[in-house]
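Trainee: Dumping the structure here so I can ask a few things about it.
Values in this text are rule-based calculations from the coordinates and carry no lab data. Because the structure is a prediction, the values reported are computed rather than measured.
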Amino acid sequence: MVLNTANRTVAPAMTPFHPSWWRRNFRENGFAIVRDEPMGMFCTGHMVLGTRLPMAQRERLAKWLGSAHHLFVLKVADGAVTR
């Protein structure tokens with residue numbers, strides 16, 4: 001992925017990290033999603049807050065602000081051609 005610095009926005013850089021982008025990418029490349037769920041951990045601000053924001057608080061924040069991590073369990077889709 002190449003970040004377009006002329007654009008001055010992070011939105012294009014964040015697109016490949018969004019779960020919907022990964023779901024589509026996995027399916028288009030011959031994988032079936034067996035399990036798909038947020039991991040329940042909020043991580044933004046780690047560089048600023050560090051250990052002052054304990055794991056228990058990060059878990060609570062993830063319920064309101066979204067999880068920074070997402071779990072995908074995949075299998076090769078039936079009929080998929082492997083390379």
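Trainee: Met41's amide H: which non-local residues (gap 5+, or another chain) put their own amide H closer than 5 Å, with H modeled 1.01 Å from N in plane and none for Pro or chain starts?
Mentor: Long-range HN contacts for Met41: Ala68, His69.
Trainee: Enumerate the amide H contacts of Phe31 below 5 Å, restricted to partners 5 or more residues apart or on another chain; note that Pro and chain-start residues carry no placed amide H.
Mentor: Ala77
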